[in-house]
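Down below is the structure, laid out as structure tokens.
Only the coordinates and a few stated rules stand behind these numbers; no lab work does. Computed from a prediction, not measured in an experiment: that's the story for all the values here. Heads up, the Cβs are rebuilt from the backbone with ideal geometry, glycines too, and the neighbour counts pull from every protein chain shown.
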């Protein structure tokens, strides 16, 4: 076999397709292997560039391949799709990955460490509990409305008023309400436990500690950014980082006319949501402050409205976070 310089791998659960080319771009490797033979096959290749789509299991495979001297690059699937020349199948997908990873303008996803993925797993589980808690509260409100009891939106008030109103309901309904309230207590306890662990991990992380000095970024947001981003120098500048999170306007420009729309909402929705929620606290407390950030936020709200201001603050915080991480700086006065 001729020297393989670039390999594209189409990841799957059990069957993996490999497509390799040499330095001249000629196809020298086409192979389909099962999961238990993939590492052995890749380890038998001379050190080369390996491209994969950033999907489930990609980071673990990337770490394993790097141990055998290969250079691993992960890409968003939507960036790979345009390079597929024909119908979709595993072989064509692997060829498209091989083509995409060799493009000099391609954007890559850094391979995460096991520590980063462990922190993100904690965030994902906590967020799942939050979503489940919201669902239980909505289920409780819907159940009570069937008996003519309309509960407010505030979760604390729902808990109190639901327990009080349930005393007037039939026994079976009281039992159902009691079970839902007990489920809420269990979810509250689990979420509180994860919050305490996240705060403890954030205190141990020097980059997260620096990010927490930004108004609107707490322990949860700071640790999520550190775990998700890894090396911020992978991004060329702060705008690219904000665009990666999806906090810049979508663009449809042609013929010299620039048309900017709503934010693109690309990238990690969890990070974007945390930054926007943090921006709410900044805007809510701005009237009580006289610093430059608060004056800017209030003036922007007056001109552009509440929701645009939230996105602008989130965008600013994302840019500041990139600067602190990429340049290892401390926050100065904003």
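Here are the numbers for the structure shown:
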{"read-out": "Residue 78-residue 237 FRET efficiency (beta carbon distance; Förster radius 35 Å; 0.05 resolution)", "value": "0.95"}
{"read-out": "Convex hull volume of region 6-101 per residue (C-alpha atoms, cubic angstrom)", "value": "86"}
{"read-out": "Cβ crowding within 10 Å averaged over residues, with 271-284, 153-166, 39-52 ranked highest first", "value": "271-284, 39-52, 153-166"}
{"read-out": "Considering only the chain, percent of DSSP beta bridges that pair antiparallel, nearest 5", "value": "65"}
{"read-out": "Modelled FRET efficiency - R0 45 Å, residue 150 with residue 204, Cβ distances, 0.05 increments", "value": "0.50"}
{"read-out": "Residue order, fewest to most surrounding Cβ atoms within 10 angstrom, among 53, 168", "value": "168, 53"}
{"read-out": "In degrees, nearest ten, helix 219-229 long axis to first principal axis of the chain (Cα)", "value": "10"}
{"read-out": "Entry for semi-axes √(5λ) of the Cα gyration tensor in Å (calculated from the structure that is shown) out of (i) 30, 26, 19; (ii) 43, 28, 20; (iii) 34, 21, 19", "value": "(ii)"}
{"read-out": "Spin-label model distance (nm) - residue 107 vs residue 327, 7 Å beyond Cα toward Cβ", "value": "2.2"}
{"read-out": "Degrees, to the nearest 10: 269-285 long Cα axis against longest axis of the chain", "value": "40"}
{"read-out": "Full-stretch length increase - residue 124, residue 168 - with 0.36 nm per residue and alpha-carbon distance subtracted", "value": "12.0 nm"}
{"read-out": "FRET efficiency, 1/(1 + (r/R0)^6) with R0 51 Å, evaluated for residue 67 and residue 289 via beta carbons", "value": "0.50"}
{"read-out": "Cut-off 20 Å (backbone N to label point 7 Å along Cα→Cβ of residue 89), residues of region 6-23", "value": "8-21"}
{"read-out": "On Cα atoms only, tilt of 90-101 relative to the major axis of the chain in degrees", "value": "90"}
{"read-out": "Considering only region 6-101, percent of DSSP beta bridges that pair antiparallel, nearest 5", "value": "55"}
